[in-house]
Amino acid sequence: MSDQPTTYANASKDASDGTKDPFGGIASQRPQPLTERVCDRVLQFDYGVVLPMCAALPLSLGRTLAGLRGLINAAFDLDWRSLALRRRYVRGSTYRAMRQLRPGASPGVHAVRRFIHYSREEWEANLFRRERHMRALSAASTVEGLAPLQQMTNSGQGLVLLTMHFDSFCLGIVLLGLQGLKVHVMTSAIVEDPRLHPVVRRFFERKYRGMERYLNGGRMVHVERRPRYFYEALERGEVVVVLADLPPVRPGMHSAIVPFGGRRRRLTTGALRIAEKTGSAIGAFLCTHTSGNRYRVQCTAPFEADSDSLMQLYAWFDRHLREMPDRWWAADLLGAMPEVEPDG
């Protein structure tokens, strides 16, 4: 559920074209280096103290403080990936992405909102072990398009669900589990990369184990270590969630040209290959925060796994992406997604 190390490095390099950011500096001058001591102290305090404290508070207060944390992160260009690489690049790369996704709009405002939404997502990750909070969120939230997915899995056919690093997608996975689906999630071992501070690695470990409590026996599994696990889950007629907004990071990766971010881009599409090999259907979902404790999970109908269906799902993602670009908190990766000119 995270990008590859090479993707981070590429995104860091992308932040160097002299684009002015909304904070009065030059977003790219070069990504600003951070000392190891400063990074470690910030991460230890933020992930070890601030986020757990916010999660222990009443939901409305915790959400407000998470938003304030997001503003601070935007002002200082703080993100766990930047701190791992010792270079602040996310804000500048996000700013340039917003210019592409919403031409004519205010990219600075959208870039700041990206940090606010991502901070809320990290706060939500700390709620998964708090059953009282989760019951309140589940009771206030809605899941649209659930019945066809349930019918699919009840019939014994597997289902690959695509999603993006978009708004509250992890909470959306949990809400699908709370509706009775047995959900497995394809994660990445990048969250155990030794460049990450131990407190960040613990954050992801606790997040994933917390999510598993609601997945009806489903698991969060690093694809690099157990690729066969997902084939077996689909062959049993269960659900596998795969992130669809990742660029190909090495030669030979299964990829396709799809509509994304208003352009034709080459993205990884291994999910289609898995669905085809297991005879599974393919669909997509997004989860957005609407207000207060209310979240909205939108699911597409399941399709037969083929290239036409994949294009339809990416067109669906593209529409939501351009309507709410600030909710896509992996927007800094846009520069690493190769554009492809139309034929002729």
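Packing, taken as the mean count of other beta carbons within 10 Å per residue, orders the peptides 192-201, 257-266 from highest to lowest as 257-266, 192-201. With θ taken as phi - 60° and the Karplus curve 6.51 cos²θ - 1.76 cosθ + 1.60 applied, the whole-hertz 3J(HN,Hα) list for segment 168-173 is 9, 5, 5, 5, x, 4 Hz, x standing for glycine and proline.
What's the ranking of 109-117, 69-77 by average number of surrounding C-beta atoms within 10 Å, highest first? Could the numbers behind the result be given before it?
Numbers: 109-117: 22.7, 69-77: 19.4.
The densest-packed peptide leads the list: 109-117, 69-77.
Checking (i) -0.45, -0.56, -0.78, -0.91; (ii) -0.35, -0.45, -0.69, -0.84; (iii) -0.58, -0.70, -0.89, -0.97 against the coordinates, the calculated log10 I(q)/I(0) by the Debye sum over Cα atoms at q = 0.08, 0.09, 0.11, 0.12 Å⁻¹ falls under label (ii). Backbone phi angles across segment 63-78, fed through the Karplus curve with coefficients 6.51, -1.76 and 1.60 (θ = phi - 60°), yield HN-Hα couplings of 5, 4, 5, 5, x, 5, 4, x, 4, 5, 4, 5, 4, 9, 6, 9 Hz in residue order; Gly and Pro are listed as x. Any idea how far the Cα center of segment 147-167 sits from the one of segment 206-226, in Å? That distance is 17 Å.
The peptide list 276-288, 51-63, put in order of mean Cβ contacts within 10 Å with the highest first, becomes 276-288, 51-63. Inter-label distance, GLU205 to GLU36: 2.1 nm, where each label sits 7 Å from its Cα along the C-beta direction.
The SER307 and SER60 beta-carbon pair, evaluated with R₀ = 35 Å, returns a calculated FRET efficiency of approximately 0.20.
Computed over the chain with a Gaussian network model linking Cα atoms closer than 10 Å, the most mobile of SER106, SER93, SER141 is SER106.
For segment 140-336, the square roots of the Cα gyration tensor eigenvalues, ordered a ≥ b ≥ c, give a/c below 1.5, which places it in the rounded category.
FYI, it's all coordinate maths here, none of it is from the lab. Given the structure is predicted, the values throughout are model-derived calculations rather than measurements. Virtual Cβ from ideal backbone geometry, glycine too; neighbours counted across all protein chains shown.
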